[in-house]
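Contents: one structure, followed by commentary.
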Amino acid sequence: MKFSSLIALTALASASAFAPLPIVTNGSQSAQSQQLYSSTSNNLGPSDGKSIGVTSKTSEWEISQISPNVQIQGQTRHTWNMADASKEVVQVALHSNGRPIQADLQVWIGPDWTPVTIHAKSEDGSEYPIQTLIGTRNKAANLEVMNTGPYTMPVKAAVSYAIDPLANARDDLANDDQVEG
């Protein structure tokens, strides 16, 4: 009996599905994780863990280029910290796989953290994704995306600081005489 138990434990210990993951220490971080969190490679913020927000890698609306995609299940939320006071325009994109999008975007702007809520809806998140620019008045801000749809309708979200020409879109509108829409 003891011998068969020992053989069973040995077989389980050698199975890769049950093997413990290797412990990663600060001295042996992978190159990929160092690239993700270093402030010099992609403007994700300082390496001390305090994020100042992500800067977009595109001037278009490709969700994969705005920031890392976050899938938000129905009736849940995700929050981004946008703490860089030198930047003002935040780019937000919400997509789905063809299902409807129902979301609340809340912008909490410092120093008094007054919330502003934007209700966003789309009947087809693949054909008509939700894309917007939000100003932070050059203050620290938190942006929360709450998927108010049912749990069967997840949403992909991406939030980052906008780059040119999207960062200057408001200035371009101010110089125009007419705005239609």
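Go over the candidates 115, 154, 111 one by one and state the one that is farther than 18 Å from residue 169 by Cβ and either in contact (Cβ under 8 Å) with a residue 60 or more places away in the chain or surrounded by 17 or more Cβ atoms within 10 Å (Cβ to Cβ) (or both). Break it down into steps so the answer makes sense when it comes.
Details: 115 fails: either in contact (Cβ under 8 Å) with a residue 60 or more places away in the chain or surrounded by 17 or more Cβ atoms within 10 Å (Cβ to Cβ) (or both); 111 fails: either in contact (Cβ under 8 Å) with a residue 60 or more places away in the chain or surrounded by 17 or more Cβ atoms within 10 Å (Cβ to Cβ) (or both).
Step by step, each of 115, 154, 111 is checked, and only 154 is farther than 18 Å from residue 169 by Cβ and either in contact (Cβ under 8 Å) with a residue 60 or more places away in the chain or surrounded by 17 or more Cβ atoms within 10 Å (Cβ to Cβ) (or both).
Can you list the strands (runs of 3 or more DSSP E) lying wholly within segment 107-181 that have 3 or more residues being at pLDDT 95 or above?
Per the criteria, 114-122, 141-147, 155-161.
Could you list all residues from segment 99-138 that are among the hydrophobic types (A, V, I, L, M, F, W, C) and closer than 18 Å to residue 153 by Cβ? It would help to see each step written out before you state the result.
At the first step, the residues of segment 99-138 found to be among the hydrophobic types (A, V, I, L, M, F, W, C) are 101, 103, 105, 107-109, 113, 116, 118, 120, 130, 133-134.
Across segment 99-138, the qualifying residues are 101, 103, 105, 120, 130.
The values are calculated or read from the model by the stated rules, or taken from the named source; none is laboratory data. Owing to the predicted nature of the structure, the values given are computational and were not obtained by experimental measurement. With ideal geometry, Cβ positions are generated from the backbone for all residues, glycine too; neighbour counts draw on all protein chains shown.
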